[in-house]
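S.K.: Would you mind keeping the following structure in view while I ask a few things?
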Amino acid sequence: MPVATEAFPRTVRLVTTARLREPVLAPLVDGDGELALLAEIEGATSRRLTAEDRGIPGLAANELVHDVPHARFINASFAYARPGQPNRFNGPDRGAWYAALAIETCFREVAHHLTRVLADAGDFHAVVDYAEMFSSLAGAFLDLREAPDHPALGADEQAAYPLGNALARAARAGGLNGIIYPSVRHRGGTCIAALRPAAVQSVRQGAVYRMTWRGEPTPTIDGPL
């Protein structure tokens, strides 16, 4: 595998602003006691909190990060994987931190996946606000930038994703922090999949943008808001 040692001082990832808001039930409680009870209930049902406490299949508790800015965002990206819908470089039992070097690449990647969801629903009407989450990434990475035709980077997800997951497992077993690869959705864009929580450093929030689908599969993008 081609390996590169890199230091990216600023990468960007988009997260929905819904994740930035306080818990929806918080305004309904009357004091710290009730808030603690809500936290206990959340702890019984939150995959992230379970992972942080005792680990989950595919993700050990000691891999996760603590006492760093936005630790819950980092840990959640690894704790929450979609059992029926693996991503390019992570499977059903372990997530990854996907980022890019440019916000335009994030727009293309996020729009592609959400447009597919809307297509499945048969309704191209939606408004979603996304916030930039910047981070620095450094270390040894599997480097696919010179291999844009690698089968793991194919547009056919059914064929490409199993190969990408195999690469990710091999990269982790080889002690690598992640995978650098050319964006499949944005020509000329560069993406990074961090495969270890500790590889994600100095996370901070940036601007907010709004994606709007008005009956067409291509959204308009407004912002910063």
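The values are calculated or read from the model by the stated rules, or taken from the named source; none is laboratory data. All values derive from a computational prediction rather than experimental measurement. Because the Cβ atoms are built from the backbone with ideal geometry, glycine has one as well, and the counts that use them run over all protein chains shown.
S.K.: Is there a residue being assigned to a helix (DSSP H, G or I), over 24 Å from Ala173 (Cβ atoms) and modelled with pLDDT of 90 or more anywhere in the range 38-45? Steps first, please.
M.R.: Of the range 38-45, the ones assigned to a helix (DSSP H, G or I) are 38-45.
With over 24 Å from Ala173 (Cβ atoms) added as a condition, the list becomes 38-45.
Among the residues that remain, those that are also modelled with pLDDT of 90 or more are: none.
The answer is no; no qualifying residue exists.
S.K.: Take the range 91-111 and flag every residue that is surrounded by fewer than 16 Cβ atoms within 10 Å (Cβ to Cβ) and at pLDDT 95 or above. Steps first, answer last, please.
M.R.: Within the range 91-111, the subset surrounded by fewer than 16 Cβ atoms within 10 Å (Cβ to Cβ) is 92-93, 104.
Glu104, the sole residue that qualifies.
S.K.: I've got another one for you. Suppose we keep only residues that are loosely packed, with under 14 Cβ neighbours inside 10 Å and of a type outside the set (A, V, I, L, M) within the range 1-18. Which one would you say is farthest from the chain's Cα centre (by Cα)?
M.R.: Per the criteria, the residue is Pro2.
S.K.: Here's a follow-up. Which of the strands (runs of 3 or more DSSP E) found entirely inside the range 124-225 contain at least 1 residues meeting this: within 17 Å of the chain's Cα centre (by Cα), on the phi > 0 side of the Ramachandran plot and surrounded by fewer than 17 Cβ atoms within 10 Å (Cβ to Cβ)? Explain how you work it out, then say what you get.
M.R.: Working: elements: 125-143, 178-182, 190-194, 200-214, 220-222.
In the range 124-225, 200-214 are the strands (runs of 3 or more DSSP E) which contain 1 or more residues that are within 17 Å of the chain's Cα centre (by Cα), on the phi > 0 side of the Ramachandran plot and surrounded by fewer than 17 Cβ atoms within 10 Å (Cβ to Cβ).
S.K.: Here is a further query. Please indicate, with yes or no, whether at least one residue in the range 92-104 is under 20 Å from Val12 (Cβ atoms), in a helix (DSSP H, G or I) and in contact (Cβ under 8 Å) with a residue 60 or more places away in the chain.
M.R.: Just the residues of the range 92-104 that are under 20 Å from Val12 (Cβ atoms), to begin with: 95-104.
Narrowing the set further to residues that are in a helix (DSSP H, G or I) leaves 103-104.
The next check asks that each one be in contact (Cβ under 8 Å) with a residue 60 or more places away in the chain; those that pass are 103-104.
Yes, because at least one residue in the range 92-104 is under 20 Å from Val12 (Cβ atoms), in a helix (DSSP H, G or I) and in contact (Cβ under 8 Å) with a residue 60 or more places away in the chain.
S.K.: Another question about this same structure. Quick check on Val29: is it closer than 29 Å to Asp129 by Cα and either modelled with pLDDT of 80 or more or touching a Lys or Arg at 6+ places or on another chain (Cβ under 7 Å) (or both)? So that I can check it myself, show each step before the final result.
M.R.: Numbers: closer than 29 Å to Asp129 by Cα: yes; either modelled with pLDDT of 80 or more or touching a Lys or Arg at 6+ places or on another chain (Cβ under 7 Å) (or both): no.
No: the conditions fail for Val29.
S.K.: Quick one: Tyr80 ticks every box in (1) more than 12 Å from the chain's Cα centre (by Cα); (2) farther than 22 Å from Pro224 by Cβ; (3) surrounded by fewer than 16 Cβ atoms within 10 Å (Cβ to Cβ) except a single one, so which number is it?
M.R.: Only one criterion in (1) more than 12 Å from the chain's Cα centre (by Cα); (2) farther than 22 Å from Pro224 by Cβ; (3) surrounded by fewer than 16 Cβ atoms within 10 Å (Cβ to Cβ) is unmet by Tyr80, namely (1).
S.K.: So, one more: Given (1) surrounded by fewer than 19 Cβ atoms within 10 Å (Cβ to Cβ); (2) in a loop (DSSP other than H, G, I, E, B); (3) of a type in the set (A, V, I, L, M), where does Leu118 come up short, assuming only one miss?
M.R.: (2)
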